[in-house]
């Protein structure tokens, strides 16, 4: 496989694979039109139907109002495509990423200027304007504004000096201002901003856009796999077997990903977590979120004051549609690795694989492929589900199936639900547990059993055959052979 080290080398690989990339020179408006087009081409995920699942990625080379720039979308909107970019089979992604998290390769700092600094725009220049420099799309006509959805935010903790990278939604609010949503009480960069505020100082930050797909996916690990102070760039380094290269920013005391297409440099201002996200549009909405619904505009965003924008020549903006298959893969593959890590330690050999299903946006639903070899394995499948809930607290539903069920084939999973499941004995409910606030059903308005927004009833659907009945549930056997002789003979 060709070596991948940035977005351009990834796109070059996709060009060589039939049906994986479409490029167009037809002008497209980044204001809702671009995402509207890609919805039909390959968005998938929880996007409103009709949409295309596992369609190609797309590059738009003629962006209205942004001559010389291109926009790539859908690079990660197919599990098969992510596997090709990672050099493995789609069924192996969770295990591969688990191994990379266990053998990190720390990033290194190179001397500048780096590829991401071929062109430099300082905010002190009179014509500096983010709306002109960044072809950030809006996903729908009611979005709060143009969003940066795939920006790798890199910052350093004021006390420990440890750096971290995460992805947060950012909306352009003015010529040198972005709102950045940091979940209240969150870890990582949110915790850094809160600590900087306590110290009365700004938090320097870089936002790298258009990078190696491995960096985008593997930056989405969460605790407990990657606690505060764990630099997720080291997991991408392990995957590529070479360190991710960083470069010193030109305007703030921080580093950025050296081969990014764009870098936004700036500071999160202390005590600024009161920015109204839709202050320009007044629509009441932010952007479509991973469950498939429009997210409400937050009144608790932080203010990121931009100091500079740097980019490569003829830069490629990378974006995604919030509820698309891209989110499923970025959130889901690290989730699978986190679950497999815990289960492999607690129940070695009893869970063969895990799939964070696209219908749950990569967060809400996991399918576990379990193996029972002796009678004492009965019940361990449910223990595995409980461990999965603890490994990833945003998980809401776990479906348990046997080793003869293809967890990546929804029809096969539903077959198990219909032939190996009885609702009165195979459902386990755990009410009153904190889950995810973006689930619109996790609200007291939905059910009086829910005490607060974000509380859910976590549920296990045990579709495994009881061990003592396994012989009665063998699938019909067919001859194992290679059909190529008949198809091409």
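The values are calculated or read from the model by the stated rules, or taken from the named source; none is laboratory data. Just so it is clear, the structure is predicted and the values come from calculations on it, not from any experiment. Cβ: placed from backbone, ideal geometry, glycine included. Neighbour counts: every protein chain shown.
Does residue 125 count as surrounded by fewer than 24 Cβ atoms within 10 Å (Cβ to Cβ), in the same structural domain as residue 290 (by TED's automatic domain parsing) and either in a loop (DSSP other than H, G, I, E, B) or in contact with a strand residue (DSSP E or B) (Cβ under 9 Å, 6 or more places away or on another chain) (or both)?
It is true that residue 125 is surrounded by fewer than 24 Cβ atoms within 10 Å (Cβ to Cβ), in the same structural domain as residue 290 (by TED's automatic domain parsing) and either in a loop (DSSP other than H, G, I, E, B) or in contact with a strand residue (DSSP E or B) (Cβ under 9 Å, 6 or more places away or on another chain) (or both).
Looking only at the stretch 394-451, how many residues end up being in a loop (DSSP other than H, G, I, E, B), free of Cβ contacts under 8 Å to residues at least 24 places away in the same chain and over 25 Å from the mean Cα position of the chain (by Cα)?
9
Does residue 160 count as touching a residue at least 40 places away in the same chain (Cβ under 8 Å) and over 17 Å from the mean Cα position of the chain (by Cα)?
Criteria met by residue 160.
Among 339, 333, which is the only one that is in contact (Cβ under 8 Å) with a residue 24 or more places away in the chain, buried (at least 22 other Cβ atoms within 10 Å of the Cβ), in contact with a helix residue (DSSP H, G or I) (Cβ under 7 Å, 6 or more places away or on another chain) and farther than 28 Å from residue 206 by Cα?
339
Taking the options 49, 84, name whichever one is surrounded by fewer than 22 Cβ atoms within 10 Å (Cβ to Cβ), within 22 Å of the chain's Cα centre (by Cα) and within 27 Å of residue 259 (Cβ to Cβ).
Just one listed residue meets the conditions, 84.
Is at least one residue of the stretch 221-239 in a strand (DSSP E or B), surrounded by 24 or more Cβ atoms within 10 Å (Cβ to Cβ) and either modelled with pLDDT of 95 or more or touching a helix residue (DSSP H, G or I) at 6+ places or on another chain (Cβ under 8 Å) (or both)?
Looking for residues that are in a strand (DSSP E or B), surrounded by 24 or more Cβ atoms within 10 Å (Cβ to Cβ) and either modelled with pLDDT of 95 or more or touching a helix residue (DSSP H, G or I) at 6+ places or on another chain (Cβ under 8 Å) (or both), one finds none in the stretch 221-239, hence no.
Looking only at the stretch 376-388, decide whether some residue is part of a loop (DSSP other than H, G, I, E, B), out of contact with any helix residue (DSSP H, G or I) (no Cβ under 7 Å at 6 or more places or on another chain) and touching a residue at least 12 places away in the same chain (Cβ under 8 Å).
no
Is there a residue being assigned to a helix (DSSP H, G or I), in contact with a helix residue (DSSP H, G or I) (Cβ under 7 Å, 6 or more places away or on another chain) and without any contact (Cβ under 8 Å) to a residue 12 or more places away in the chain anywhere in the stretch 4-17?
No: zero hits.
Quick one: count up the residues across the stretch 263-297 that are at negative phi and in contact with a helix residue (DSSP H, G or I) (Cβ under 7 Å, 6 or more places away or on another chain).
4
Examine the stretch 392-399 for a residue that is modelled with pLDDT of 95 or more and either over 25 Å from residue 345 (Cα atoms) or out of contact with any strand residue (DSSP E or B) (no Cβ under 7 Å at 6 or more places or on another chain) (or both), and state whether such a residue exists.
Checked against the condition, which is being modelled with pLDDT of 95 or more and either over 25 Å from residue 345 (Cα atoms) or out of contact with any strand residue (DSSP E or B) (no Cβ under 7 Å at 6 or more places or on another chain) (or both), the stretch 392-399 yields no hits at all.
Please give the number of the condition residue 226 fails out of (1) within 22 Å of the chain's Cα centre (by Cα); (2) in contact (Cβ under 8 Å) with a residue 60 or more places away in the chain; (3) under 22 Å from residue 172 (Cα atoms).
Every condition holds for residue 226 apart from (3).
Take the stretch 343-389 and flag every residue that is within 21 Å of residue 326 (Cα to Cα) and surrounded by fewer than 16 Cβ atoms within 10 Å (Cβ to Cβ).
359
Please go through the stretch 46-85 and pick out each residue that is assigned to a loop (DSSP other than H, G, I, E, B) and within 18 Å of residue 334 (Cβ to Cβ).
75, 76, 77, 78
Being touching a residue at least 12 places away in the same chain (Cβ under 8 Å), surrounded by 17 or more Cβ atoms within 10 Å (Cβ to Cβ) and touching a helix residue (DSSP H, G or I) at 6+ places or on another chain (Cβ under 8 Å) is true for just one of 167, 180. Which residue is that?
Working: 180 fails: touching a helix residue (DSSP H, G or I) at 6+ places or on another chain (Cβ under 8 Å).
Of the residues listed, the single one that is touching a residue at least 12 places away in the same chain (Cβ under 8 Å), surrounded by 17 or more Cβ atoms within 10 Å (Cβ to Cβ) and touching a helix residue (DSSP H, G or I) at 6+ places or on another chain (Cβ under 8 Å) is 167.
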